[in-house]
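Down below is the structure, laid out as structure tokens.
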Amino acid sequence: MSEPGGSVRRITPAVIEAKKRREREDAAKRLQEVVPDLSSLCLRIHDRADGLGALPLFYIRHVVIATAPALFELPCADNKCEEGGHDVTRPVMTGLRSGEPTMEGRSRCPGHRGDKPCSRELKYLVNADYGGA
Ligand SMILES: [Zn+2]
């Protein structure tokens, strides 16, 4: 897994996307402003691809309510994917605003690897708790 190139700093598409995502997150409203009674939030992400040799990926993201942005953009699991990622902000925020305890959905990556479309698809399950009383 060693990469040639010596001291050349490698800027991969994933690095660029992560930077842009952080900028959008910084610019977004805080989750607590939008959904003040939200007390905990957890996303279960299942990311898989059609292609052979692409490993499925499963992870759980615990959202820190105090500091989280009201923005849910998840990176594409393929670090060679360009302009990919999954913006699930709208369905998640709609669910949270109406006090849904669980939400689920799917998102197909809109990105590409070179001239081929990215084949990754993500399934998410959101669990939310509200109120501190
Ligand atoms: Zn992708």
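Rule-based calculations on the coordinates, nothing more; no lab input. Quantities reported herein were computed from a predicted structural model and do not represent experimental measurements. Glycine gets a Cβ as well: all are built from the backbone with ideal geometry, and neighbour counts include every protein chain shown.
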GNM on the chain, C-alpha springs below 10 Å: top fluctuator among GLY114, GLY85, GLY99?
GLY114
Could you work out how far helix 13-27 tilts from the main Cα principal axis of the chain, as a 0 to 90 degree angle to the nearest 10?
20 degrees
Pairs of alpha-carbon atoms within less than 8 angstrom and 6+ residues apart define the contacts here; what relative contact order does the stretch 37-90 have, in percent?
28 percent
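What net charge is computed for the residues neighbouring CYS42, neighbours being all others with C-beta under 10 Å from the C-beta of CYS42, Lys and Arg scored +1, Asp and Glu -1? List each step's numbers first, then the result.
On the way: positive: ARG44, ARG61; negative: ASP129.
After counting each charged neighbour, the total is +1.
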Would you list, by chain and number, the lysines whose Cα falls below 24 Å from the Cα of LYS80, excluding same-chain residues fewer than 8 positions away?
LYS19, LYS20, LYS116, LYS123
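Could you line up TYR124, TYR130, TYR59 from fewest to most neighbouring Cβ atoms inside 10 Å? Kindly include the intermediate steps, with their values, before the conclusion.
Details: TYR124 21, TYR130 16, TYR59 11.
Final ranking by Cβ density, sparse to dense: TYR59, TYR130, TYR124.
Using only alpha carbon pairs under 8 Å that are at least six residues apart, calculate the relative contact order of the chain and give it in whole percent.
This gives 29 percent for the chain.
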Packing-based exposure ordering (other Cβ within 10 Å, fewest first) of PHE72, PHE58
PHE58, PHE72
